[in-house]
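Bear in mind these aren't lab numbers, they're just calculated from the coordinates by the rules spelled out. Keep in mind that this is a model prediction, so the values were computed, not measured. Cβ: placed from backbone, ideal geometry, glycine included. Neighbour counts: every protein chain shown.
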Amino acid sequence: MDARAILSKVIACLSVLGSLTIAREVLMDKKKRAMVYHRQMLALSLADVTFSIVVFVGGWGASNPGLCKSKAFFSVMSGTPTAMYNTGVSVYFFLLICRQLTEQQMRKIQYILLFFPFLWGFGTAMASLFLDLYARGSNGCWINKNPKGCEGDECISGANADLYGFWFVYIPRWVSFCVSFLCMTLVYFKVARGEEETPEQELPSRPKTALDAVDEEKEEEKEDGNENDDRGEAAKGVVQNDTDMLWFLKESQGQDTSASERARRMASQAFWYLITYFNTYFWVTLQQVLKTVGDGSIPYWVRVMVSLTLPSQGIFNCIVYLRPRYLRNRDKYPEMTRLAAVFHQDEEDFVLGARQMRSMHNVNNNDNTRRDRRHSWVRYPTQW
């Protein structure tokens, strides 16, 4: 076993761990189980667990035709749905931010977003099995010509394997990516233009807490000084560009609870998912293109990049999924350790685009005293 194969297996194990973390987060929270977004992330995670296990198995048992076909079947069945579920998440954010659909309206289309990817993956996997397209090749057990490198009548099976591979897997993956990219482009311009705010009730709602009154009072105090502050910054030559092209990569600051700011946080979250999507499938697609249009040889560095990125989606999806909670906890409890900030759930954990709460524990001791009693490690973060 070479270093590339070992690296791929290690990353696949971490990906399974990341995907299972997301699944646990959703399944253990009643409110998350009821929301379309979290259901999509659960479906994506389960598909990614299957695909990561296939990557971990790798070339084990490849010399056995039955085991090789089984591995190829599960690879095709789970590979494309992971891409489609990513697209479903992008479509969700587009409908939520640009079309202003409510959660109740989202539930009417959730079955398309949840079941179509599975049906496509299972259908193409079964079709490939009946067409006898599975064989061992330079890319392992997958849709390949048998024997390797044969042409036309020379092939025992899979004479058109490369064509089927593109139609069943790679074209759907990149059509999905284009749809995701289009959705995120529309979201980007919608948010960057700073259009009129969406009514608060049209975004996923959250239960009000004792901190809301404090937020409202502070917002009123800020409004009185905004005009003077703006003139002072202009005098200093400080120009705030609210439409910075890379705004979605920047951390949201302050305690802004407006619908537009929540939409911006949700858009930022969606863009990170898109980056993860692209990172996962770019190199493996390049490998297939080089195999098909060239002489069949694939540069070693491309194989290394495939080993690094293809099984990694679960890791990065988990990081992106937990990112809002981490940022919120770091704002809310500056003394909290980074590890504690990842796992501490608060009252807004299930809400998309939940507000930042910078040091709010200093303005309401009673509320936080009750919270600290439930989570003693928040008061003593060094225990983590």
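Packing here is the average count of other Cβ atoms within 10 Å per residue, and on that basis the peptides 18-25, 163-170, 313-320, 151-158, highest first, run 313-320, 18-25, 163-170, 151-158.
For the residue pairs 9/148; 31/332; 32/69; 69/291; 30/332; 190/332, alpha carbon separations beyond 32 Å are given by 32/69.
Computed on the Cα trace of region 140-183, the radius of gyration divided by the Kirkwood hydrodynamic radius gives Rg/Rh = 1.19. Each of the peptides 265-274, 343-352 was scored by the mean count of other Cβ atoms within 10 Å over its residues; in descending order, highest first, they stand as 265-274, 343-352.
Set against the 2.2 N^0.38 Å expectation for a compact globular protein, region 267-353 has a Cα radius of gyration ratio of 1.52. Taking only the Cα atoms of region 25-158, the ratio Rg/Rh comes out at 1.11, with Rh defined as the Kirkwood radius.
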